[in-house]
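Colleague: Can you read through this structure? Questions will come right after.
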Amino acid sequence: MIRFNLNKIKLIFLLLLSELSMAASFEADKRILDSNGNIIPHALVKLEGQKAMLVDELGKIPQGRMAEKVTVFAMGFESLQLSWEEWVSREEIILKEKSGNLQEVVVSATRTERSVEQLPIPVTVLTTEQIQETGGIRLSEILREQTVLQITSNHGSGLQMQGLDSDYILILLDGEPLIGRTAGTFDLDRISVSNIDRIEILRGPSSAIYGSEAMGGVINIITKSYQNQSDLNLGLRHRSFNSWNPYLEMGLGNRKWNTQLFLDHFQTDGFDLRSEVVGQTQNPYRASTAQLKVSGELSEKFKISLFGRAYQEVSDGILETGSAIGAQLLDLGNQRRDINFNPTLRFKPNADWTITLRGMSSWFGTLSETNFRSSGEAFDFQEFSQFFHRTELQTDYMANAKNLFTLGLGQVKETVDATRYDALNRFDAGYFFLQHLWDPVSKVNIVTGLRADFHSQFGNRLSPKISGQYQISEKLSWQASLGAGFKAPDFRQLLLNFNNAAAGYYVFGANLAADGIARLQEQGLVAQILINPETIGQLNAETSRAINTGFRWKPSSNTQIHINAYRNAIDNLIETAPIAQLVTGQIAFSYFNIRSVITQGVEMDVQVRLLENLTMSGGYAFLDARDLDVLDRIDNGEIFKRNAQNQTRRVTRADYGGLFNRSRHSGNFKVNYRENYSGIDLAFRAIYRGRFGFGDINGNLILDDDREYAPAWVSYNLTASKTFENGLFLELGGTNLLNTATPAQPNNPGRVLFIGMKIPILKLINR
Amino acid sequence: MKTIQKLIFTSLIAAFLISCDNAEDLGPLTPLEVTLVEDLAAPNDEIDRNTGEVIQARSFQYFSLELNELVEENENWDIAFKGTTIRVNSSKNVTAAVVSGVFEEITEVPASAKFNTDTANSFAIPTGSGNGWYNYNSATFTVTPIPGRVILVKTAADNYAKIEILSYYRGNPPVEQIDPRTTPSGYYTFQFVLQSNGTSKF
């Protein structure tokens, strides 16, 4: 019933509970409400000199004896003290929500429930309201409005966090990793948002818990659950580019069992930023998601949950191929599918021990066909299918109120079969992790963790992390964390076997490079080996060491400020390098650990509640991301540039703009206003992305020329929404209202207008 | 425009040489002329994208640095172009080296420069992105000469020349205006300085 952990609020709650009295009679008609007029379930009423009374989930308040003073508590709300007269006379007792998200419970940071306030690492929680106010339909549209995140466009909408790309950010759905990346990018457009309850954003390496991929950070998407209630909602959203998004949510719940079904369909005509080129920037596509979640109590001590999800996406388009014979039209057809199945069994023999057994299986596949329109003959055909299975056993032991230990053990099997790979390839891995949550004194929280990974392909890896928080005063706390992260070489880097005949090059994954070269040598095709053959195939994990430190400051009850500064030092970045020159003049490439980069910066969020119905917030992020090898070469005078007059000169450090696709400055400004008379919520957001390096133009492949930048831009977004008394929800709005679009941002279609509604069918019937 | 550039280069070299006031310098007394060659057409073979087979073979374009013109294969050519490949005339013992530096600042053949000729298995001027004279940008599909790469050639007549490739696209357009789908490629624009007195100084 109540999960034991070190959450301070819950401890208060527990202390109060221990002296709880279960009264049989109830206060008639009296209700404890939030500022929106919704009943707050599980609030506590403390009559002076008496035991605290628990309000049930339907909001029924037990009756108590008369007392001088009455205090009303609820998690996430400011407590309220009333005199007996006030208590008796009021029918509605409205509690103020605590401002900010410090009370939000986070599960992904420590794999146990902790509030933001208690976590010594930088973490942001997006609530249902914050998700709703963006009007977004796909996950990328929610995340792009966050200070700490950028959405980049490379093989889909990828995430960038603290200057690290999508490859280094782990995406979790209800705590389980999502697989399926194209060229390293996890396409956020695969995730529909209408059934998301909240999103946790963890910055800094989390490999100490999650292993590979969690080098830059973790995003955990938590879907809705209907605890002890039933619901049936139908929604429909329409937006520019003939996009439609109907969805259905169904929840069935009683005290022991609950089931959620979610169906979502999205289709769009896509958009085109370059009409002079044949084919659209984004092709039309249709995507459907079905998700089923069943959870329940088998007994007092056993809980089980089953999660299943299926996704299917189909897109088509045209393309023109240029050749001397003349331009030819090509028809493209692409499919993506994704299936997840995660059963979980939880055993809680007593208050101190929790044992969780999780299974996770995931299938991801893509199919892409390109045919000549004239002849119907195949131009290109690519298939990719990946399977990932993980079994994990997690044990949490609450030694006492100050110490919580977690031990995890896991096993992973992964296979991939693809056109560009030889045969079916299999990876096996095992791991364990240890974590200690320690509150030595009330003002200090310390989290230490260590994870060991054992991998069949690239060896073993240890990832430690330590983070701590000190509560300087009621209003101010300081956090710091040090951690190591890594990313294992992926299938592509190990196993690719690709020959681009047209452009004239070969690419071998590290495992195949030696054989590949030997084969080419046998055929007499190798003119010259360009590297020491002994180094071929020695591919190690990419590694990072990171420090994060910051403050959470609440100068007044209406204001909160979060600041975090970080530095990530990343080594062994994997890139292709030439390994041999062939007699034809072609080059064969393979993958090597060659680059080292630094990303460092400061992230800041300020939120002020000016009035009960008016909140303003601002965010700013500064990012400096540089390639250390490029800096060395600049210092050695080895990099040159040529101006428009074809004059050559050496590149200086001052010319160097760092890594491509990173904005040095970015930020946002948001205003949330509720018009009290009509009950309409207005959310205005201005999202700024500073100029960023788009691509090399002057031939030296580094960012050092003003022409290589895409201009800064601001997206002005506005959403108006209203929830009617009967639960009907309507929304109307637009993003990028000034219609700023550039080919440098192929994921930005320009202005998008939207309208949507959600009908709570069951609520309407039951009224 | 191009003529003006040529004048600027010549006068720059002149200014530089005049400033070299070494009595023992047996170098040239008159400034060497910078020659600009524009739009030397050397398109690559037509290749089938699927099979990699050559649909239509094209011949190399043979260029004599001494004559500053295209010549026949059986004549005294120094370098030959086709697609992004540049050959040297191994039958006439032409050798070449690729060095890094600012074209104007290279006043002498550096001792470290390794001169090679073409063999059956290798090219004196390496092919492939980043290896020789160009970078291929896979994001924009553009071939760009690597700034600061200078090709040194010992010609069929045993003279040294330095060459800087300026563009691979017709009309030597500003790089940001190149559209790899529409701008014709395989058109070399380059500048060179030939030292015809047999010394290694430019």
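Colleague: Is it true that residue A:245 is crowded, with 19+ Cβ neighbours inside 10 Å, touching a Pro at 6+ places or on another chain (Cβ under 7 Å) and either among the aliphatic types (A, V, I, L, M) or part of a strand (DSSP E or B) (or both)?
Modeller: Considered against the rule, which asks whether it is crowded, with 19+ Cβ neighbours inside 10 Å, touching a Pro at 6+ places or on another chain (Cβ under 7 Å) and either among the aliphatic types (A, V, I, L, M) or part of a strand (DSSP E or B) (or both), residue A:245 comes out as no.
Colleague: Can you name the residue in the range A:692-719 that is part of a loop (DSSP other than H, G, I, E, B) and in contact with a Lys or Arg (Cβ under 8 Å, 6 or more places away or on another chain) and is also farthest from residue B:169 (Cα to Cα) among such residues?
Modeller: A:712
Colleague: When you scan the range A:460-526 for strands (runs of 3 or more DSSP E) that lie fully inside it, which ones turn up with 1 or more residues that are within 14 Å of chain B (Cβ to nearest Cβ) and touching a residue at least 40 places away in the same chain (Cβ under 8 Å)?
Modeller: Ranges flagged: A:497-500, A:505-508.
Colleague: Another question about this same structure. Among all residue pairs at least 6 apart or on different chains, which show Cβ distances below 6 Å where the first residue, located in the range A:367-380, is within 12 Å of chain B (Cβ to nearest Cβ) and the second is among the small types (Gly, Ala, Ser)?
Modeller: Partner pairs satisfying both residue conditions: A:371/A:378.
Colleague: Quick one: in the range A:152-186, of everything that is part of a strand (DSSP E or B) and among the hydroxyl-bearing types (Ser, Thr, Tyr), which residue is nearest to residue A:211 (Cα to Cα)?
Modeller: Of everything passing the filter in the range A:152-186, A:185 is nearest to residue A:211 (Cα to Cα).
Colleague: Within the range B:135-143, can one find any residue that is away from chain A (no Cβ under 11 Å) and under 16 Å from the mean Cα position of the chain (by Cα)?
Modeller: Among the residues of the range B:135-143, not one is away from chain A (no Cβ under 11 Å) and under 16 Å from the mean Cα position of the chain (by Cα), which makes the answer no.
Colleague: Another one. Find the residue count for the range B:92-103, including only residues that are within 8 Å of chain A (Cβ to nearest Cβ) and part of a helix (DSSP H, G or I).
Modeller: The number of residues fulfilling the criteria is 1.
Colleague: While we're here: What's the total number of residues in the range B:110-134 that are assigned to a loop (DSSP other than H, G, I, E, B), within 11 Å of chain A (Cβ to nearest Cβ) and of a type outside the set (A, V, I, L, M)?
Modeller: 13
Colleague: Enumerate the strands (runs of 3 or more DSSP E) found wholly within the range A:584-683, keeping only those where 3 or more residues are at pLDDT below 95 and in contact with a helix residue (DSSP H, G or I) (Cβ under 6 Å, 6 or more places away or on another chain).
Modeller: By residue number, A:587-611.
Colleague: Another question, then. Residue under question is residue A:420, and the condition is that it be among the basic types (Lys, Arg), touching a residue at least 40 places away in the same chain (Cβ under 8 Å), within 25 Å of residue A:516 (Cβ to Cβ) and not assigned by the TED database to the domain that holds residue A:118; does it hold?
Modeller: Spelling it out, residue A:420 is indeed among the basic types (Lys, Arg), touching a residue at least 40 places away in the same chain (Cβ under 8 Å), within 25 Å of residue A:516 (Cβ to Cβ) and not assigned by the TED database to the domain that holds residue A:118.
Colleague: Could you tell me which numbered condition residue B:36 fails, if it satisfies all but one of (1) under 14 Å from the mean Cα position of the chain (by Cα); (2) surrounded by fewer than 20 Cβ atoms within 10 Å (Cβ to Cβ); (3) at the interface with chain A (Cβ under 10 Å from one of its Cβ atoms); (4) not in a strand (DSSP E or B)?
Modeller: Unmet condition: (4).
Colleague: Quick one: count up the residues across the range A:556-583 that are over 30 Å from residue B:124 (Cα atoms) and not in a strand (DSSP E or B).
Modeller: 2
Colleague: If you go through the range A:413-451, how many residues are under 17 Å from residue A:361 (Cβ atoms), of a type in the set (Val, Ile, Thr) and crowded, with 18+ Cβ neighbours inside 10 Å?
Modeller: Residues flagged as under 17 Å from residue A:361 (Cβ atoms), of a type in the set (Val, Ile, Thr) and crowded, with 18+ Cβ neighbours inside 10 Å within the range A:413-451 amount to 1.
Colleague: Shifting gears a bit: Which residue pairs have Cβ atoms under 6 Å apart, sit 6 or more places apart or on different chains, and have a first residue in the range A:552-572 that is in the same structural domain as residue A:595 (by the TED database) and a second that is assigned to a strand (DSSP E or B) and small (Gly, Ala, Ser)?
Modeller: Once the first residue is in the same structural domain as residue A:595 (by the TED database) and sits in the range A:552-572, its partners that are assigned to a strand (DSSP E or B) and small (Gly, Ala, Ser) give A:552/A:477; A:563/A:550; A:564/A:550; A:568/A:544; A:568/A:546; A:570/A:544; A:571/A:596.
Colleague: Related question: Let me spell it out: the conditions are (1) in contact with a Pro (Cβ under 8 Å, 6 or more places away or on another chain); (2) farther than 15 Å from residue A:138 by Cβ; (3) among the β-branched types (Val, Ile, Thr), and residue A:268 meets all of them except one. Which number is the exception?
Modeller: Here residue A:268 clears every test but (2).
The values are calculated or read from the model by the stated rules, or taken from the named source; none is laboratory data. Not measured: the values here are computed from a predicted model. Here the Cβ is made from the backbone with ideal geometry for all residues, glycine too, and neighbour counts use every protein chain on show.
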